Structures are given as structure tokens and as C-alpha cells.
Amino acid sequence: MPKTAAKKSPAKTTVPVVQEAPLAFDTLCIQGGYDPKFGEPRILPIIQSTTYKYDDIDHVNRIMTLQAFGHKYSRTSNPTVAGFEGRLNLLEGGAATVATASGQAANLLAISNIVKSGDHILAATQLYGGTFTLLNATLKKFGVNTTFFDADAAARDIEKLVRPETRLIFGETIGNPGLSILDFDKLARIAQKHGIPFIVDNSLATAWLCQPFKHGANIVTYSATKYIDGHATSVGGAVIDGGNFDWANGKFPDFTTPDPTYNGVAYTEKFPQSPFLIKARAQFLRDFGGCLAPLNAFLFNLGLETLHLRMPRHGENALALAKFLARHPKVAWLNYPGLDATGKKRIARYFRHKNGSGMLTFGVKGDLDTVRRFVKKLKVAALVVHVADARTGVLHPASSTHAQMNEAQLRAAGISPDMIRVTVGLEDINDLITDFDQALAA
Ligand SMILES: *Cc1c(COP(=O)(O)O)cnc(C)c1O
């Protein structure tokens, strides 16, 4: 790790110690999480090894029983994956981070580390389709029920939904695909008042735009597949622990009582800095196995090295395309977080930059056939399911990512039948505008 604000004890020297300034976000994007020593590779190496060698059985025993940290098997940790985890952790300002096989695996890991059968979840309706089905269908089969709320409903109406067995509140920084920016203050207050953690999926904002721990979130999740990768090469995710939640408040006995699968370790007692993350890694990465592959960690780490250069351009291109589309006679409506009043207010309050990220949605005037023709005519933009790529892509959510929803659920998630979702890439903006213009004219 490069020299960050880490406090070394200066007491033993008589030479005045110059306090090193913490490194800036942009420097951490490039150098955070990996600090090679003399003669070691300058670039985070791909350690394509499942296995690690030891000299004595006592050391292995200490690792296996959580008495010492160390790699034992790449399902629970790997040096390349650890490099990526360390960098992301610095960028988010977290206590600890675990990388996962996908964004879905990240949300599953974060949630299952907290709830068990009989527990209840409160989640914003404005969610990624896969997260919605995880909560609304799959977790239900395991006895975990979710109540969905409109993220823009009044605080007292959301609070009414909290039950004695509610164990977490879940939302996305930028709801997908409604693109509403989360009202962090409101949800953080409800979570705090009821002693439950507030989980935020930060995939579409990234730490460059928003650091949810500064706004009351306790756990941040990622689909690293999106802007962290940035080039549509790999699927992966991460869970970051803010280290700012009291797991010993009485509602979460799994954190405070001995874990028989680790010789009776009690996580809050043994790991006060980050009981959440250690438990997630030790229990659920071990048992569910949704770990990140070293090669993908290498690619995500490379992606982070340009995050601070790519994110501004995604936002600038999206804003320019949004302004063009808003004036276009064939466009029925347009939604971009940087353009409406609430979006602007929340960007000013919660985002690190005046930038609405790279996603926009709009309605094409006409029927489903018009939508079909428009999509077919695009040349620079392509029809893709993926988002947050260097290349511009479009999608028709009602017939694809959200095809499993009924009409009422679609409406609640902010999706209309004419909606086109655009993931605005890093191309020349004039080429994008020309492309959308000719496709709309067709
Ligand atoms: C894509 C996405 C996910 C799921 O991530 P995968 O890496 O595809 O599993 C979760 N949340 C959000 C906001 C996403 O955009």
C-alpha cells in the first residue's frame, strides 16, 4: 500500500516526523491497495494459484481458526483479489472489503450475512431487476420476506413498514433504470432509529461520484461488472463494510454469539473493526463460494486506474445527449438525474462532483414497432443488455431486463412500455448525437 494517512507511531524517534497528507482520490485509483517492495512487480500480479505453502502446522491451524490472517485457499482469499479489494476499500473509505464473483453474489453475500429465515427486509422499489427478483422471489423461498417502498415516499410512510423482525434497509445510489438518486439522509435516519443497517448498491455512481458511508450507509455493494470494469470484460462484485454499525445492539446474535464452525469465535468481540466483513468472508464465502477469480480482479484493478478519468466523460456525454434528446420532436419524455430539480439537489448534496453519471432514459414517440425500428437503425450505439461500458448501448427494459415484472411492478420501478435505457459511453459526443438523430428520423 502506498503511503496513506495510516498512523505510524512516531514516538520512538527524536527526529520530527512530517505527517504525510492522505493521498487524493485520483492517486488512490492508480496506486491504492498495492505497494510493491524492492524488486517486486510494479503492476499488481495475477496470482493464478488456488493454494499456498506453509512451514508448520500450527500456523495453518491459526489461519483456519481465524487466530491469524493469511491466504489458505483462493475461495476465501487470494493476493490479486486482495489487491483489488484494498484499492476499492480505500476509494470508498471502508473498514474492509470482500470481492465476489458478481454483483448478484455481492448483494446475496451482504444480505445473507445479516438475515435468516423469519427476518424481514425493507427495499426501495427502484432496483436493478436481478436484485428485485432475489428479494421478491428467491429469498422468499428461504423464509426472508421483503417489503418494497417508493424511495421518494415520505419518511413516516416508509417508517410505518418497519417491523420488529426487519433487519436491513436496501437501496441503490442511482436506481436502475428509474435513475432516481437515493435520499440518503431520510433512509439513514430510519435505519439508525431502528438499529438496523442501511445497505447501498453503489454500482452506477461509483466512489468517484458518491461515497455512501459519508451519508449514513453501513454497507456498500457493487457490481464491479459496470463502471469499475468499464470495458465490459468481466463479471464481478464487492461488499464493503463501513465499520460504522453496532452489530452488538441485540438484534444480530449471529455476530455476538460463538460461531461453532470456527472454534467459538464471536465476531464482534474478536474483530471489533469489521465483524461484518470477517463473518461474511469466513462463513459465507466459505459456504456459498461466490469468490472472484484472480484474472477478473486484475482487470477490475486496471479499470479502477482510469475510473477518475472515465466517470467525468460518461457524465458529460450523457448530459449533452440528454439535452439533445429533450429537444427532439420524436422524443416523448427524457429522464437524466443531472437535469431535473430533485436530481440536481441530491447531486449537490450527496455527490462529489456535479455529474449525473452515464445513464439516461427516454421515451420514443410511437408504438412498439417504432421502438423496434429506432433500435435497429442505430449504428454507433448497439443493442446490449449490459450497462456502464466505454461503448454506448441501448436497451428496452420492459421487454428484457424487467420482462419478469407485471404492469404494476413495472410502473412502481419507473419503467414505461416506451422506455429506452441508454448507457452513454466515451465516444465523441457529436457522433453519438448524429447517430441518435438519424435513428429517430427513420
Ligand atoms: C448489474 C447490476 C447488478 C448485478 O451485478 P452483476 O455483476 O451483473 O451480477 C446489481 N446491481 C446493480 C445496480 C447493477 O447495475
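The values are calculated or read from the model by the stated rules, or taken from the named source; none is laboratory data. Nothing here was measured: the structure is a model prediction, and the numbers come from that model. With ideal geometry, Cβ positions are generated from the backbone for all residues, glycine too; neighbour counts draw on all protein chains shown.
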> Which members of the range 215-255 meet the condition of being farther than 26 Å from Tyr267 by Cα and of a type in the set (Lys, Arg)?
Replying inline: Lys226
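Identify, from the list Thr221, Thr138, Thr146, the residue that is out of contact with any Leu (no Cβ under 7 Å at 6 or more places or on another chain), within 16 Å of the ligand (Cβ to nearest atom) and farther than 28 Å from Gln273 by Cβ. Steps first, answer last, please.
Details: Thr221 fails: farther than 28 Å from Gln273 by Cβ; Thr146 fails: out of contact with any Leu (no Cβ under 7 Å at 6 or more places or on another chain).
One residue alone meets the criteria, Thr138.
Check Ile169, Ile114 and return the single one that is among the hydrophobic types (A, V, I, L, M, F, W, C), buried (at least 22 other Cβ atoms within 10 Å of the Cβ) and in a loop (DSSP other than H, G, I, E, B).
Numbers: Ile169 fails: in a loop (DSSP other than H, G, I, E, B).
Just one listed residue meets the conditions, Ile114.
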> Only one of (1) part of a loop (DSSP other than H, G, I, E, B); (2) more than 16 Å from the ligand (Cβ to nearest atom); (3) over 14 Å from the mean Cα position of the chain (by Cα) fails for Gln126. Which number is that?
Replying inline: (2)
> Restricting attention to the range 150-171, which residues are touching a Leu at 6+ places or on another chain (Cβ under 6 Å), closer than 30 Å to Val422 by Cβ and not small (Gly, Ala, Ser)?
Replying inline: Ile169
> Within the group Val235, Val239, which residue is within 16 Å of the ligand (Cβ to nearest atom) and either in contact with a strand residue (DSSP E or B) (Cβ under 6 Å, 6 or more places away or on another chain) or assigned by TED's automatic domain parsing to the domain that holds Glu427 (or both)?
Replying inline: Val239
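When you look at Ser102, is it farther than 26 Å from Met405 by Cα, modelled with pLDDT of 95 or more and in the same structural domain as Tyr52 (by TED's automatic domain parsing), yes or no? Don't jump to the end; show me each part of the working.
Numbers: farther than 26 Å from Met405 by Cα: no; modelled with pLDDT of 95 or more: yes; in the same structural domain as Tyr52 (by TED's automatic domain parsing): yes.
No.
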> Identify, please: which residue in the range 202-259 is without any contact (Cβ under 8 Å) to a residue 24 or more places away in the chain and of a type outside the set (Gly, Ala, Ser) and is, among those, surrounded by the most Cβ atoms within 10 Å (Cβ to Cβ)?
Replying inline: Thr256
>> I'd like the full set of residues that are near the ligand (Cβ under 9 Å from one of its atoms) and closer than 14 Å to Ile219 by Cα, limited to the range 104-123.
In response: Ala106, Asn107
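Pick out the one residue from Asn136, Asn176 that is of a type outside the set (A, V, I, L, M, F, W, C), at pLDDT 95 or above and within 26 Å of Pro417 (Cβ to Cβ).
On the way: Asn176 fails: at pLDDT 95 or above.
Among Asn136, Asn176, only Asn136 is of a type outside the set (A, V, I, L, M, F, W, C), at pLDDT 95 or above and within 26 Å of Pro417 (Cβ to Cβ).
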